[in-house]
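**Q** Here it is, the structure, as structure tokens.
The values are calculated or read from the model by the stated rules, or taken from the named source; none is laboratory data. Computed from a prediction, not measured in an experiment: that's the story for all the values here. Cβ placement follows ideal geometry from the backbone for every residue including glycine, while neighbour counts extend to all protein chains displayed. The accessibility values were calculated without ligands, DNA or RNA, using every heavy atom of the protein model including side chains. Shrake-Rupley method; radii C 1.70, N 1.55, O 1.52, S 1.80 Å.
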Amino acid sequence: MPASTTVEALRAAFPDAVVRDLVQSGDQQVVYIDPSRNAEVLDWLRTDPGERFNLLVDVTAVDYGDGRPLEVVYQLWSIPHRRALRVKCELPLSRLAIASVTALWSAANWLEREVYDLFGIEFRGHPDLRRILMPENYAEGHPLRKDFPLRGRFSRAEQTRRALSQDMEQYYMPDEMEGRGAPQLVPADESATSGSGSQGR
Amino acid sequence: MGLSEQPAERLPVASSPPGGVLGAGTPTFLTTRLDFVVNWARRNSLWPMPFGTACCAIEMMAAAASNFDLARFGMERMSFSPRQADVLICAGRVPYKLAPVLRRIWDQMPQPKWAVSMGACASSGGVFDVYSMVQGIDTIIPVDVYVPGCPPRPEGLIYGLMMIQEKIREERLSEHGTLRAEDPAAVARARADAEEVLALSGPFGNSTRQNRVSGPTGSDASDRPDDRIP
Ligand code: SF4
């Protein structure tokens, strides 16, 4: 299978940022890029008229174990061009940090929090980088890392004690549950037009 | 032949007989034991608090639906407010993050109250012997009936609830004070102390190459004599 036009364009635009590329699972195009330039490359992929990868489907990470680097995975979809692309960045275990892409896609906010919570990768520039799935007082590390023992690092008694010492008002804030304080989903100008009766048609 | 042509004395309820509740000649009162009446009323109007967290909750819903019909046992009203509930049905996995929520809901239920642990996960952690899971909700709240299964069929849940009814039938009013005493010191605390939790999570050989409380160990069973149940 020939390299896709996206990869060719990407290599032309960033000759030294593309590490390698391959095709997986039949037609899934994968590109490995330099982790120190991820924001730049992803912004180009998002805005370049020939690419327009405007939907960030997922941000996740993979730990292959045995001291191999962790991979941060960005799964992109271009709605205008109906194309998928998987962008990967390899992070050495000694430096688990990468730039946040929340400024490019706001969908990255919770996805990056999840990766931080479960893999311990720091997303530089993330507006609110705290745990999202594990309890906030969780102190056993990052559970999806291969070196994490299946049953956790603490004894069951300690885990139970810590669980019950959680401050529930911290998580289950009425404000948060009712969606107050959540970012505005519809841009202000659009919500203004739909509010003035244009929905009726 | 019209009804009016019958002789008046043969009409069934022409005039109330000089008798009691079951017809002429029976007494006009019943005697019973107070604790029997109280327990009868209680056990036939249990309102469940559904705490459905996973797949088991689907079977709990099936038990409440028309085929199995929990309403036959006076449990037609699933009480989504713990303040008006009598039986907590914990149906599904409880992760540690949810443990304080479960405890608070239990604390919010007024006495008298009972708890059913439905399914393997709620009763023991089930197959999820992992970092995030409570290994049996009885470490968090007191449990009256455990319903085994993955998931238990609705009949199983109904049988468990009938066991609660049996339990209520056996209670005596004189014992209610001690059976139903609230301990303010227990609020928001785990039911089991550290020693009990550790005993429950003791070595338990399985295929995950780990002791319950430690890190990775050898996978060969002969390497791990401490994994065998004594
Ligand atoms: S016992 Fe089985 S059915 Fe019930 S919650 Fe656990 S896995 Fe699901």
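**Q** How about segment B:52-70: which of its residues are within 16 Å of the ligand (Cβ to nearest atom) and in contact (Cβ under 8 Å) with a residue 24 or more places away in the chain?
**A** B:Gly52, B:Thr53, B:Ala54, B:Cys55, B:Cys56, B:Ala57, B:Ile58, B:Glu59, B:Met60, B:Ala62, B:Ala63
**Q** On the given criteria, is B:Ile89 more than 16 Å from the ligand (Cβ to nearest atom) and of a type in the set (A, V, I, L, M, F, W, C)?
**A** Taking the combined requirement at face value, the residue does not satisfy it.
**Q** Also, quick follow-up: Scan segment B:96-108 and give yes if some residue there is more than 16 Å from B:Ile164 (Cβ to Cβ), in contact (Cβ under 8 Å) with a residue 24 or more places away in the chain, assigned to a loop (DSSP other than H, G, I, E, B) and open to solvent by less than 20 Å² (accessible area, probe 1.4 Å), otherwise no.
**A** Taking every residue of segment B:96-108 in turn, none turns out to be more than 16 Å from B:Ile164 (Cβ to Cβ), in contact (Cβ under 8 Å) with a residue 24 or more places away in the chain, assigned to a loop (DSSP other than H, G, I, E, B) and open to solvent by less than 20 Å² (accessible area, probe 1.4 Å).
**Q** If you don't mind, another one. Identify the residue in segment B:156-179 that is open to solvent by 30 Å² or more (accessible area, probe 1.4 Å) and under 15 Å from the mean Cα position of the chain (by Cα) and, among all such residues, is nearest to the ligand (Cβ to nearest atom).
**A** Filtering first and then ranking leaves B:Tyr159.
**Q** From the residues in segment B:85-95 that are within 19 Å of B:Asp144 (Cα to Cα) and open to solvent by 10 Å² or more (accessible area, probe 1.4 Å), which one is farthest from the other protein chains (Cβ to nearest Cβ)?
**A** B:Asp86
**Q** Going by the conditions given, is A:Trp77 more than 17 Å from A:Gly120 (Cα to Cα) and in a strand (DSSP E or B)?
**A** The answer is yes for A:Trp77.
**Q** Let me ask something additional. So the check is Cβ under 7 Å with 6+ separation or different chains; which pairs have a first residue in segment B:110-130 that's at negative phi and of a type in the set (A, V, I, L, M) and a second one that's near the ligand (Cβ under 7 Å from one of its atoms) and at pLDDT below 85?
**A** Short answer, once both residue conditions are applied: B:Ala120/B:Gly126.
**Q** If the requirement is being closer than 17 Å to A:Pro35 by Cα and free of Cβ contacts under 8 Å to residues at least 40 places away in the same chain, which of these qualifies: A:Ser78, A:Ser155, A:Ser94?
**A** A:Ser94
**Q** Report whether or not B:Met49 is assigned to a strand (DSSP E or B) and away from the ligand (no atom under 16 Å from the Cβ).
**A** yes
**Q** For segment B:144-151, check the following and say yes or no: at least one residue is buried (at least 20 other Cβ atoms within 10 Å of the Cβ), away from every other protein chain (no Cβ under 14 Å), under 21 Å from B:Gly52 (Cα atoms) and touching a residue at least 40 places away in the same chain (Cβ under 8 Å).
**A** yes
**Q** If you don't mind, another one. Out of the residues in segment B:109-126 that are more than 12 Å from B:Val147 (Cα to Cα) and of a type in the set (Gly, Ala, Ser), state the one that is least open to solvent (accessible area, probe 1.4 Å).
**A** Filtering segment B:109-126 for residues that are more than 12 Å from B:Val147 (Cα to Cα) and of a type in the set (Gly, Ala, Ser), the one least open to solvent (accessible area, probe 1.4 Å) comes out as B:Gly125.
**Q** Another question, if that's okay. Restricting to segment B:121-155, name every residue that is within 17 Å of B:Pro48 (Cβ to Cβ), more than 9 Å from the ligand (Cβ to nearest atom) and touching a strand residue (DSSP E or B) at 6+ places or on another chain (Cβ under 8 Å).
**A** Matches in segment B:121-155: B:Ile137, B:Ile141, B:Pro142, B:Val143, B:Asp144, B:Val145, B:Tyr146, B:Val147.
**Q** Look at segment B:152-199 and say how many of its residues are more than 14 Å from chain A (Cβ to nearest Cβ), assigned to a helix (DSSP H, G or I) and of a type in the set (A, V, I, L, M, F, W, C).
**A** Looking only at that region, the number is 9.
**Q** Please go through segment A:103-117 and pick out each residue that is open to solvent by 20 Å² or more (accessible area, probe 1.4 Å) and among the hydrophobic types (A, V, I, L, M, F, W, C).
**A** If the condition is that a residue be open to solvent by 20 Å² or more (accessible area, probe 1.4 Å) and among the hydrophobic types (A, V, I, L, M, F, W, C), then A:Ala103, A:Leu104, A:Ala107, A:Trp110, A:Leu111 are the ones that fit.
**Q** Can you tell which of B:Phe73, B:Phe36 is in contact (Cβ under 8 Å) with a residue 24 or more places away in the chain and more than 16 Å from the ligand (Cβ to nearest atom)?
**A** Going through B:Phe73, B:Phe36 in turn, the sole match is B:Phe73.
**Q** Which ones in segment B:43-64 are under 29 Å from B:Leu98 (Cβ atoms) and open to solvent by 50 Å² or more (accessible area, probe 1.4 Å)?
**A** B:Ser45, B:Trp47, B:Thr53, B:Cys55, B:Ile58, B:Met61
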